[in-house]
Amino acid sequence: MQVLVKLYATLREFAPPDTPLGQAFEVELNGERLRDLMEQLGIPRKEACITIVNGIGVSDLDHKLKPRDTVVVFPRIGGGGNLPGHRSSCR
């Protein structure tokens, strides 16, 4: 299934080369969970602190994705707090 992914700050190194800043890229996901996506992209668990799926914060790596979902991932951001209503997955 295809999902769209946006990676920010230091996580951009896991995006395809030449992906413009802030632009989503397509991933043909081999699986259906958020965990599968992170593993496929090679993003270490400790580096993906905030994940948002279709505009909603998600901290459960077993969250099931659907075709064409948009997943946004942020690393730990110095001085920042959690999003309202979202428990950070960064420990």
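A few comments on the model shown:
- Given (1) in contact with a helix residue (DSSP H, G or I) (Cβ under 7 Å, 6 or more places away or on another chain); (2) modelled with pLDDT of 95 or more, index of the condition Ala48 fails: (2)
- Whichever residue in the stretch 26-44 is in contact (Cβ under 8 Å) with a residue 12 or more places away in the chain and loosely packed, with under 13 Cβ neighbours inside 10 Å and, among such residues, is farthest from Leu4 (Cα to Cα): Gly42
- Close contacts from the stretch 1-13, counting a first residue that is among the charged types (D, E, K, R) and a second that is not in a helix (DSSP H, G or I), with Cβ to Cβ under 6 Å and a gap of 6+ residues or different chains, come to Lys6/Ala24; Lys6/Val72.
- Residue count for the stretch 14-38, restricted to those that are in a helix (DSSP H, G or I) and within 21 Å of Lys66 (Cβ to Cβ): 5
The values are calculated or read from the model by the stated rules, or taken from the named source; none is laboratory data. Please read these numbers as outputs of a predicted model, since none were measured by experiment. Note: ideal-geometry Cβ built from the backbone for every residue, glycine included; neighbour counts use all protein chains shown.
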